[in-house]
Structures are given as C-alpha cells and as structure tokens.
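Shown next, in structure tokens, is the structure this report addresses.
Laboratory data are not the source of any read-out in this text; all were calculated from the coordinates shown. Everything numeric here is computed off the predicted structure, so don't read it as measured data. Every residue, glycine among them, receives a Cβ derived from its backbone with ideal geometry; neighbour counts consider all protein chains shown.
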Amino acid sequence: MAPKIHSQGPDSDPDSPTRSSSSNTTTLLHTLPNTNKPTLVILGTGWAGWTLSQELGSQTSPLAHTHNILILSPSRTMALTPLLASAACSIFDFRIAEEPVRRSSLAASVHKYQVHVQGVDFGERRIKCVAAVGSNGDDRAPDGGRAGEGKFDVAYDTLIMAPGSEVNTFGTPGVASHCYFMKSMKDAMKLRERILDCLELASLPIYTEAQKRDLLHFAIVGGGPTGVELAAEIDELVHEHLAHVYKSLAGLVTVSVYDVADRMLGAFGEKLSEYAMERFRKREVRVRMGRHIEGVEEGVLVIKEDGRVGFGVCVWAAGTKVSGLVQGMDVRKSEGGMERVLTDRWLRVLSSKAGKEGGEGGVLEGVYALGDAADIAGHELPTTAEVAVQKAKWLAKHLNAGERPDSKPFSYKQKSMVAYIGRQDGVVEGKQDWTGASAWLAWRSGSLEWTRSWRRRAMICIYWFMNKLDGREIARR
C-alpha cells in the first residue's frame, strides 16, 4: 500500500530564510517561494530523473499544480547516452545527443538548481547542496564550497532520488588519468578530438611505423553494448570515412575490444554473441576476451595475458558503480555486486531496518528511488536506460493519480535488446532473435525513440541522409 504525500515543510517567510545550526557552520535553509504548497524534490537528471521531471512538471500534470517541484542536478542537460558513440564518431552534431533540463513547456511551479548534493537528512527532511559552477556543472563552488560558500540546505516533503551511477574503475591504477569514458557529452567531445589528434600525429614524419601503429591503436575496455557499439562506430569511422582523408595511414589502424569475460555482449544469447565476435574478427577488429587489465600508463595498457600494449586512445567502458552519495545513505541496500538503494515494488525506499522485501522496519515515508542507483528488493533489474525510463513513467502516473492504496506495483516490461556491430549490421534478442541489416534498421529506429523532441528526430534523419549523400562532416567527399 502506497502512502499519501504529506506536507511537513517549513512554513517560513521566503524573504527571511531560516538557518540550520546542526553543525559547527551555519547553513542557509532554503524554501521555495510558495510555502502553501508541499515541495517535491527530484534528485538527479539522468534517464530516470529527467524523464520524471518532464512527466511531473508538464503543464498537464496534476501534481505540477498542487506542488512545488524542485530539480537538483549539477548538469544543464541530460545526455542521451545511447547516442554518444554516434556523436563521438561524427554521425551527427553533439547537440543532438543531449536534452535540456529546463524547458519552456514545464509548469511555473517547476524550479531547477544546478548543484551537487552532498547528503540527505531523512529525519529532518533536508538535502545538503553546494553550487555546481563551470562548464555544465563539472566544477564545484569556489574553494569547493568551503566556509559555507555556495552551500545551502533544501527542505522537502517528498523526495525522489535518481542520482545515477559513476564509472567503475575497479581500482585499476591509471584509468582515471589515461582513459576516456562515455558517460557525458563532454566525454564524447574529448574522445572525438583525441581520435583526430592521433591521426594527425601519425601523419607526421617524426614517428616510426611501430610508433604510428601504437598511436592508431584504439582500445575499448568493456565488451558490453556500450563498448561494442563504440568499437563498431570507431571502426566504421576510420576505415570507411577517414581512410579516404588519411591515405598514408592505410593498414596502420587497429581497433580492439578487451574484456575479462569469455565473450562480449554477455547479456545476449550465446549465438548472438558469437555472431558479433565473428563479424568483428572478419573486419579485423581484435576481440580480446579473458583479458585482465592490471594498469594503464600513458599510451600503454598493462595486461596480465599480453604484457604491455601501446595505444593512442583507450576508452574505459567496463562497468559502473553507485555514486558516493548513495554509499553514505542509511537505507537498506543490495548485497554483492553493485551496492544499490533497495525499494519495495512501489519504488519506496526501504528503511535500513526493513526485512527482505520491506516487512519490519518498513519504508521511509515520502522517499522514492529509481534509476541505476536503485533496485527493487526481491525483483532485481539491470542498470539500463529502458528500466529507468519505465520506472519514471510508472512513478509519475502513480503520483499524479494521488498514490491510490489499491494501485498495482511497478512491473517491468522486457523489450527486445539491440546492439549495433557496425557496417550496417546488428543483433537483436527478443521473442525472435535476428541479425544483419534488419537488426541495424531496428537499432536505428530505436535511436529515434530515445529523444522526446520531434526536432531532434528530424535532425537525426537529416544527418543520416547527408552522411549517405556526402560523407560525414569531418570527412566529406
């Protein structure tokens, strides 16, 4: 049974904000202008938080008229992560692969603060924030927010936590310093520039052939869908487009995929995985399964099975972990593997004293969690964009309907899994498995569904047409 939303926020004059003195420093306690309405806070703007903010904050949402809705996120935009590899490899402009968090279509009751959340006090119903400044929130407030600069607390009545996940380096030395990631638009932009830099460097007469081969070795660590699709996109970009521009580098480029598992695309069936690996091998994409990365140095991968392997670009796509914010929360969490906040089937956060699926100890009143950072006790689901979006849409409908006690719990509807393996080829696993050009078309149609904007969908189609007609922008015919 889902509880009703309770309004327990402070009823203070917004022009005279109160101050919290629970610590040695004095922190501003902020309340939204309309204190007659309860405050619903959405923490995070990944797939779960962004989808929820658009659903609850729309002009047609009943909750947008009865509540203040506050979005807390360090980012101005939400990266459409399935499109990042395509953007990095110049299939379309980077702006196509991100959505703004602030939109004119949202109701006047929706507010957004660009902040890093440092902690949540569930007892006092307060969220500790520090201003996120710099390019899209990548930097903290001046001096890291010390001495109270840029710091304030936010009071909430209902809290929806979707802080997402971070790259998991598994403690491998050198990964943070020498590898690229694929979590944000800035990551994709840096990767494209580095690919082009490697090609330009290898074109100079100052390097030996062996050094050029190292510079033109593009290594992907991680054999899941992200790593496989990125390897496919880089292979296609270099061999089908940039090869016509950098003619002197013919035969020197190598793309490799490394993973500790015995096969890539492990979430797919064995036959589809074998098909993808065989296709990669035919295109001379190196499939290096069963490899243990012991460290990363500048331009060198240290691999237990292969020794020291030179590279020009190394992208780490080997897994994720929960954010540091979740690690410090006193709630019930999953055991083994990725430590995630556990919820009941109505997505309510379980108390640290709760039993296996709730039971004794119960839930934290008015607190929900979804996205990569959360899982349902006894009903584990993968950390995918599809799961996050389905949970967000269900919760928005649930809250807009007034949290009826007889409401059905969340139920995940498994969709077909699709992965692109390059050269107009792909794999699809669902009620029926298939491969080839039809699977590639299914992947492309899925690319259009990730954005809610008709404008972006139209622009993606235009870019596809122009690329076919005249080549990609960085390698026009």
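Based on the Cα gyration tensor of segment 285-351, what are the three equivalent ellipsoid semi-axes, each the root of five times an eigenvalue, rounded to whole Å and given largest first?
The three semi-axes for segment 285-351 are 37, 13, 11 Å.
So what is the 222 nm mean residue ellipticity for the chain from helices alone, if each DSSP H run of at least 4 adds -39500 (n - 2.57) and you divide by all residues, rounding to the nearest 500 deg cm²/dmol?
So the calculated ellipticity at 222 nm is -8000 deg cm²/dmol.
For the chain, what proportion of DSSP beta bridges, expressed in % and rounded to the nearest 5, is antiparallel?
Working: 44 of 81 bridges.
Here the antiparallel bridges make up roughly 55 percent for the chain.
Determine, for each peptide in 98-109, 200-211, the mean count of other beta carbons within 10 angstrom over its residues, then list the peptides with the highest first.
Final packing ranking: 98-109, 200-211.
At a Förster distance of 25 Å, what's the computed FRET efficiency of Lys397 paired with Ser323, Cβ-Cβ distance as r, to 0.05? Please list the in-between numbers first.
Details: r = 26 Å, r/R0 = 1.06.
The formula returns an efficiency of 0.40 here.
How about segment 383-437: which trypsin sites (Lys or Arg not before Pro) there lie in a loop by DSSP and see at most 10 other Cβ atoms within 10 Å? The partial results should precede the final answer.
Details: sites: Lys391, Lys393, Lys397, Lys413, Lys415, Arg423, Lys431; in loops: Lys413, Lys415, Arg423, Lys431.
Qualifying residues, ordered by number: Lys413, Lys431.
Based on alpha-carbon positions alone, could you give the equivalent ellipsoid semi-axes of the chain from the gyration tensor, as √(5λ), descending, whole Å?
After diagonalising the Cα gyration tensor, the semi-axes are 42, 24, 22 Å.
In debye, nearest 20, what is the charge dipole magnitude of the chain about its Cα centre with +1 on Lys and Arg Cβ and -1 on Asp and Glu Cβ, if you could check? Could you put the intermediate results ahead of the total?
Numbers: 59 positive and 57 negative charges, 211 e Å.
That gives the chain a dipole magnitude of about 1020 debye.
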